[in-house]
Amino acid sequence: MFSPFFKSICFSMIAMLVLSSGGVSAQDQLKVLLIDGQNNHNWKQTSPILINILEKSGRFSVDRATSPGKGKDMTRFSPDFSKYDVIVSNYNGDLWAEKMRKNFVTYVKSGGGFVCVHAANNSFPQWPEYNQMIGLGGWGGRSEKSGPYVRFRKGEMVLDKTPGRGGSHGARHEFVVESFDADHPIMKGLPKKWLHTADELYDRLRGPARNLNVIATAYSDSKTRGSGEVEPILMVLEYGKGRIFHTTLGHDVTALDCIGFQTTLQRGTEWAATEKVTLNDVPANFPDAAKSSSRSSK
Ligand code: ZN
């Protein structure tokens, strides 16, 4: 049998070989936990695609925590957030149990990353800390009591307290996503405008909108039954020492196949985890303002 010393030498040599091969070693990969299990969307179909999008970048290894079904006992569902660099939510359903909520708040407050994807911002209208993290949300009875709308006037972001519902969208269609903060690491180097594949353009979201920076917007045309306003599409937030990337995109497989969605999800997840973006390459087939561009991640 080999001595522990010999084993450790062998392990070091293997680790050096892995590192020198140019790939990202397991130690350098960011650990992601994706949460799903309830959603008014087809999470069984979209979660594996979200995981593939992240893992294909080589930067992440992703675990998955699937909750009990709607109406079932949630008290034993309590993943250990502390093992992860960033949590990605594809969850829209029953309120998490108190212990899990407390652990999640502690995790983000103390510097953990969080990524909120599409209908995850419909979740938990009754949970104040969650709404502070995501900044804006929709549906679930959200109204002026949830916070202001985010509006854009003369190129400036303003908070609008006009009473009204929180959350709606028009017909699914392709729409132009435009950088609002082109220098943010998540947006840097990407075309200023790119045509997103057919998706829901969330509009009239409401929430506390504190420590919120909008990094990309889209115009919600009343011709497609939208709000007639420029709407926040990609956002970053701070909560305690934690960072949040919030993408309103990603209704279904068509939306997830957009190379713009994939690139911003990868970069946004890395940013939430580390405050930096090393995934700087812009794919050659990145969409432009006139033409959307897709790649299957099944
Ligand atoms: Zn949707």
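Read-outs throughout are calculated quantities, based only on the coordinates presented, and are distinct from any laboratory measurement. The structure displayed is predicted, hence computed values, not measured ones. Neighbour counts are summed over all protein chains in view; Cβ atoms, including those assigned to glycine, are modelled from backbone coordinates with ideal geometry.
Descriptive notes on the structure:
- Between 0 and 90°, nearest 10: helix 4-20 axis offset from the chain longest Cα axis: 50
- Trypsin sites (Lys or Arg not before Pro) restricted to DSSP loop in segment 113-193 with at most 10 other C-beta within 10 Å: K154, K161
- Placing +1 on each Lys and Arg Cβ and -1 on each Asp and Glu Cβ, with no other charges, gives segment 28-274 a dipole about its Cα centre of roughly 500 debye.
- Exceeding the 27 Å Cα-Cα cut-off - candidates K56/K193; K192/K276; K44/K276: K44/K276
- Within the same chain, aspartates and glutamates fewer than 8 places from K31 are excluded, and of the rest, those with a Cα less than 16 Å from its Cα are E55, D63, D80, D85, E270, E275.
- A viscosity of 0.692 mPa s and a temperature of 37 °C, combined with the Kirkwood radius over C-alpha pairs in the Stokes-Einstein formula, give the chain a diffusion coefficient of 166 µm²/s.
- Segment 65-114 - convex hull of alpha carbons, volume per residue in Å³: 74
- The residues packed around V86, meaning those with a beta-carbon under 13 Å from its beta-carbon, carry a net charge of +2 if Lys and Arg are +1 and Asp and Glu are -1.
- Mean residue ellipticity (222 nm) of the chain, computed from DSSP H runs ≥ 4 via -39,500 (n - 2.57), nearest 500: -7000 deg cm²/dmol
- Taking other Cβ atoms within 10 Å as a rough exposure proxy, E129, E270, E156 sort from fewest to most as E156, E129, E270.
- In this structure, S296 and H173 have a Cβ-Cβ separation that, at R0 = 25 Å, corresponds to a calculated FRET efficiency of about 0.75.
- For segment 71-111, the list of trypsin sites (Lys or Arg not before Pro) that fall in a loop by DSSP and count at most 11 other C-beta atoms within 10 angstrom reads R76.
- The residues neighbouring D221, those whose beta-carbon lies less than 12 Å from its own, together hold a net charge of -2 under the Lys/Arg +1, Asp/Glu -1 convention.
- 17 Å reach of a label modelled at T274, 7 Å along Cα-to-Cβ, counting backbone N of segment 230-256: 243-245
- Beta bridges assigned by DSSP with both partners in segment 28-274 are antiparallel in approximately 60 percent of cases.
- Estimated inter-spin distance, D28 and V158, nm [label 7 Å along Cα→Cβ]: 4.8
- Sites V282 and D80 - FRET efficiency at Förster radius 41 Å, r taken between beta-carbons, to 0.05: 0.70
- Förster-model FRET efficiency, 41 Å R0, K145 and K72, C-beta, rounded to 0.05: 0.90
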